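Enquirer: Just dropping this structure here.
The numbers here are math on the coordinates, done by the rules we state, and not lab data. Just so it is clear, the model here is predicted, and its values are computed rather than measured. We place every Cβ from the backbone using ideal geometry, glycine too, and count neighbours over all the protein chains shown.
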C-alpha cells in the first residue's frame, strides 16, 4: 500500500494499526509509513520481532489444524483476523473439510477491504466488520447468527487480539471472552494467544517490558502483557488442552504448543517466548 493522499474511507494514515504493523512484520505490503515506524521502533528493543511474528503465525496454523483435524470442529470465528496472509484460517480448516464455515471479524477498514477482496472465495467463508471488544456487535450480527449453527460446536479465535484493548479498562478482555464463552454451545473451543508477562527475570521477560513501553509511547499505544495466570483467567474455567504429549494443560509460549517436530531454531530464543497461547474446550 502506498502512502496515498486519498486513503480508504475511515482510515487515518497517521494512526498506526495493529493489523497493518503485523502484516508488515510478516512481509506484507498493506501498511503506511506510520505502521512501518512502529515496527522499526519495536525492532530496536526486540531485534527478532519479525521472527516473533512468524512463530505466532505458525502457532495459529497448528491450533487451526488441531481444531479441524483432531477436534472435528467445523465452524470458526476469527476475531481480530487482521490482513490476509499466505495461509489463512479458512484455507487451513477447509483442507480438513471443504464445507467448514469461517467468519472473519475485524474493525479495521483496510482489513475489511482486503478480506472481502481476497478471502471470500467460497460460500462457506464470510466477513463481518465489527469490534471484538463489543461482543454484541459480533454475536448479534446477522451474518454470524445466520451463517453458523449455534447448536453445534464453534471455535472462537482470539489470536494476538486481546492485548490490543481500550486503555483504562484492564478487565475488558476478560469481559469479552466471558460473553463469547457464555454464548457458545457445548463442545466449543476458544483459542487465545497473548503477549506474555513471564515475570521470571529472563531476557524474554525484559524484552516484553521494553516492547510494551515502546508501543505505548508510540502512535499505536494500546498494548498490555499478561502473566500466564492472567491469560488463563480469560478462559473462565474452560478445560485447557495439554500443549503436547505428557504435558500438563496450561498457557505456554507459542513455540511449545504442539510443535510440528524437532525445533530447527533455538527454542529458548527471546522471539519464541514473548507470546503465550492456550486452547480451551467448553464441556
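Enquirer: Classify region 1-111 from the C-alpha gyration tensor, please: rounded if a/c falls under 1.5, else prolate or oblate depending on whether a/b exceeds b/c. Please report the intermediate quantities before stating the final value.
Expert: Details: a/c = 3.09, a/b = 1.62, b/c = 1.90.
Oblate, because a/c is 1.5 or more while a/b does not exceed b/c.
Enquirer: Just want the ordering: 160, 148, from fewest to most Cβ atoms lying within 10 Å of their own Cβ. Could you put the intermediate results ahead of the total?
Expert: On the way: 160 24, 148 18.
Taking fewest neighbouring Cβ atoms as first place, the list is 148, 160.
Enquirer: Rounded to whole Å, give me the distance from the Cα center of region 67-119 to that of region 13-44.
Expert: What the calculation gives is 22 Å, centre to centre.
Enquirer: Using a/c under 1.5 as the rounded threshold, could you call region 168-283 rounded, prolate or oblate? The axes a ≥ b ≥ c are square roots of the C-alpha gyration tensor eigenvalues, and prolate needs a/b larger than b/c, oblate otherwise. Could you put the intermediate results ahead of the total?
Expert: Numbers: a/c = 2.37, a/b = 1.13, b/c = 2.10.
Oblate, because a/c is 1.5 or more while a/b does not exceed b/c.
Enquirer: Here is a follow-up. Can you sort 246, 41, 200, 35 by how many other beta carbons sit within 10 Å, fewest first? Show your work: numbers first, answer last.
Expert: On the way: 246 5, 41 20, 200 10, 35 27.
Placing the least packed residue first, the sequence is 246, 200, 41, 35.
Enquirer: Taking N as the number of residues in the chain, what is its Cα Rg relative to 2.2 N^0.38 Å? Each step should come with its number before you reach the end.
Expert: Values: Rg = 17.8 Å, N = 283, 2.2 N^0.38 = 18.8 Å.
Rounded to two decimals, the normalised Rg is 0.95.
Enquirer: How would you order 218-224, 107-113 from highest to lowest mean count of nearby Cβ atoms within 10 Å? Intermediate values should be presented prior to the final figure.
Expert: On the way: 218-224: 16.7, 107-113: 19.4.
So the peptides 218-224, 107-113, ranked by packing, come out 107-113, 218-224.
Enquirer: Helix-only estimate, please: 222 nm mean residue ellipticity of the chain, summing -39500 (n - 2.57) across DSSP H runs of length 4 or more and dividing by its residues, to the nearest 500. List each step's numbers first, then the result.
Expert: Numbers: 10 runs with 99 residues, N = 283.
Mean residue ellipticity at 222 nm (helix-derived): -10000 deg cm²/dmol.
Enquirer: Turning to a different aspect of this structure: Between 198, 207, 249, where does the largest GNM mean-square fluctuation fall for the chain, given springs only between Cα atoms within less than 10 Å?
Expert: 249
Enquirer: For a quick check: sort 147, 236 by the number of other beta carbons within 10 angstrom, fewest at the front. Please report the intermediate quantities before stating the final value.
Expert: Values: 147 18, 236 15.
Ascending Cβ contact count within 10 Å gives the list 236, 147.
Enquirer: Further, regarding this structure: Work the Kirkwood hydrodynamic radius out for region 53-145: mean of 1/r over every pair of different alpha-carbon atoms, inverted, in Å.
Expert: Values: mean 1/r = 0.0745 Å⁻¹.
Here the Kirkwood hydrodynamic radius works out to 13.4 Å.
Enquirer: Just how far, in whole angstrom, is region 232-248 from region 188-213 if you go by their alpha carbon centroids?
Expert: Using only Cα atoms, the two centres lie 17 Å from each other.
Enquirer: Calculated FRET efficiency, residue 170 and residue 99, Cβ-Cβ r, R0 30 Å, to nearest 0.05? Walk me through the numbers before you get to the answer.
Expert: On the way: r = 40 Å, r/R0 = 1.33.
After rounding, the FRET efficiency stands at 0.15.
Enquirer: Here's something else I'd like to know. Only residues of region 213-241 count here: report those whose backbone N is under 17 Å from the spot 7 Å along Cα→Cβ of residue 131, or say none.
Expert: From region 213-241, the list is 221-223.
Enquirer: Based on the Cβ-Cβ distance of residue 149 and residue 50, what FRET efficiency does E = 1/(1 + (r/R0)^6) give at R0 = 41 Å, to the nearest 0.05?
Expert: On the way: r = 39 Å, r/R0 = 0.95.
That gives a FRET efficiency of 0.55.
Enquirer: Right, here's the next one. Among DSSP beta bridges lying fully in the chain, give the percent that are antiparallel, nearest 5. List each step's numbers first, then the result.
Expert: On the way: 12 of 31 bridges.
Antiparallel bridges make up about 40 percent of those DSSP assigns within the chain.
Enquirer: Express the relative contact order of the chain as a whole percentage, based on alpha carbon pairs under 8 Å and six or more residues apart in sequence.
Expert: Normalised by residue count, the contact order of the chain is 18 percent.
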